[in-house]
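Heads up, the thing below is written out as structure tokens.
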Amino acid sequence: MLTAWGYEIDGTQLPPLLTVEAFNEMTGGKYAGDLRAASALSAASQAVRNACGWHIAPSLECTATPLHVQPRQVALPANAVTAIASVTENGVELTDGEYEWLRNGLVRRACFRCWPMNWNAVTIVYTAGYDADAVPDLVEAVRAIAEGVIAIGGTAGVRSESADGVTVSYSDNASSIAAALTEQQRAALAPYRLVMAHAV
């Protein structure tokens, strides 16, 4: 599946950062049986991921053709990189000794070689992402955002309400949620945000 951040993952969809079951446990069952919870968690998860510029969790195998290519290093659209399965340069797979990598997603050409600068020259298959248990602050931010979504009406999308001749339209889709994140929520997401992300 091609993600919104320009790389591919196995599977057809990303799971929410917080499951309905875990959300119900964290909120003491306040929303148990509320059909809006799944939609709110999906919208909140997408908003958080959009703000950070990558999927964040869970740990997944990904395939990227990096856009940020410098002479000796490329930047993967990820943090928490735990493995590199393959690096291909102009269709030729490199051996382990021909590149180096860091957990923050930087991959460097070894032996003072440079990456080719033509488009789509480098393709990297890697594993990246956190386990939910390792990021409780992130999970708490998703919980708070999802509760806010439910409080203003529930399901994602643009809606209108009318009263006394006045019509108010509002949206709780991922884009509008990301734009409305509080400073406290943005601070909680800061450790997970990509420096070069096209983030809100």
What nm value, rounded to one decimal, do you get for the distance between His68 and Thr19 when each label is placed 7 Å out toward the C-beta? 3.3
Residues whose placed amide H lies under 5 Å from that of Trp101, excluding near-sequence neighbours: Arg108
Compute the projected area of the convex hull of the Cα atoms of segment 60-128, averaged over all viewing directions, and report it in nm² to one decimal place. 3.9
Short version: ³J(HN,Hα) in whole Hz for each residue of segment 93-110, in order, from phi by Karplus 6.51 cos²θ - 1.76 cosθ + 1.60 (θ = phi - 60°), x for Gly and Pro, what are they? 6, 7, 8, 3, x, 9, 8, 10, 8, 10, 5, 7, x, 7, 10, 10, 6, 7
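On average over all directions, what projected area in square nanometres does segment 1-60 have, based on the convex hull of its Cα atoms?
That works out to 4.4 nm², a quarter of the Cα hull's surface.
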Taking R0 as 41 Å, what FRET efficiency do you get between Ala144 and Met117 from their Cβ-Cβ distance, rounded to the nearest 0.05? 0.40
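Every number here is computed from the coordinates shown, using simple stated rules; none is lab data. Here the structure is a predicted model, which means the values were calculated and not measured. Cβ sites come from the backbone with ideal geometry, for glycine too, and all protein chains shown count toward neighbours.
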